[in-house]
1. Hey, among the residues in the stretch 4-19 that are out of contact with any Leu (no Cβ under 7 Å at 6 or more places or on another chain) and assigned to a helix (DSSP H, G or I), which one's most open to solvent (accessible area, probe 1.4 Å)?
2. Write out, first by first residue and then by second, each pair whose Cβ atoms fall under 9 Å of each other, whose residues are 6+ apart or on separate chains, and whose first residue, in the stretch 39-55, is more than 16 Å from Asn6 (Cβ to Cβ) while the second is outside any loop (DSSP other than H, G, I, E, B) and small (Gly, Ala, Ser).
3. Only residues that are open to solvent by 40 Å² or more (accessible area, probe 1.4 Å), part of a helix (DSSP H, G or I) and not hydroxyl-bearing (Ser, Thr, Tyr): list them for the stretch 29-66, please.
4. Any residue at all in the stretch 21-28 that is more than 11 Å from the chain's Cα centre (by Cα), assigned to a loop (DSSP other than H, G, I, E, B) and either modelled with pLDDT under 95 or within 18 Å of Val61 (Cβ to Cβ) (or both)?
Amino acid sequence: MYKSLNIAEAIKSRAKIQGVSLKDMLSELSLGSNTISHMRHDRMIAADSLARIADYLDCSVDYLLGRTDKPEINK
């Protein structure tokens with residue numbers, strides 16, 4: 001249902017829009033430097049890591065999962 005490759009691409013795209021370096025983001029979030037690479041090879045990250053990435057990129061987890069086209073966070 002949720003493919004890690006698609007989520008990795010959504011993270012990459014959102015980071016580019018936000019002007020964020022993936023390397024810097026992963027470092028600041030204390031995530032491994034190969035996190036995105038692992039996702040591209042069908043390894044899903046933990047839910048809390050995905051939530052931290054979404055917060056960092058100022059978007060919702062649903063946006064990264066592809067459940068919505070709107071990056072806004074529902075508050």
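The values are calculated or read from the model by the stated rules, or taken from the named source; none is laboratory data. Quick caveat, the model's predicted, so the values are computed rather than measured. Every residue, glycine as well, gets a Cβ built from its backbone with ideal geometry; the counts of neighbours run over all protein chains shown. Each accessible area value is taken on the protein alone, full model and side chains, heavy atoms only, with ligands, DNA and RNA left out. Shrake-Rupley method; radii C 1.70, N 1.55, O 1.52, S 1.80 Å.
1. The selected residue is Lys16.
2. Here the result reads none, with nothing in the stretch 39-55 linked to a residue that is outside any loop (DSSP other than H, G, I, E, B) and small (Gly, Ala, Ser).
3. His38, Arg40, Ala47, Asp48, Arg52, Asp55, Val61, Asp62, Leu65
4. no
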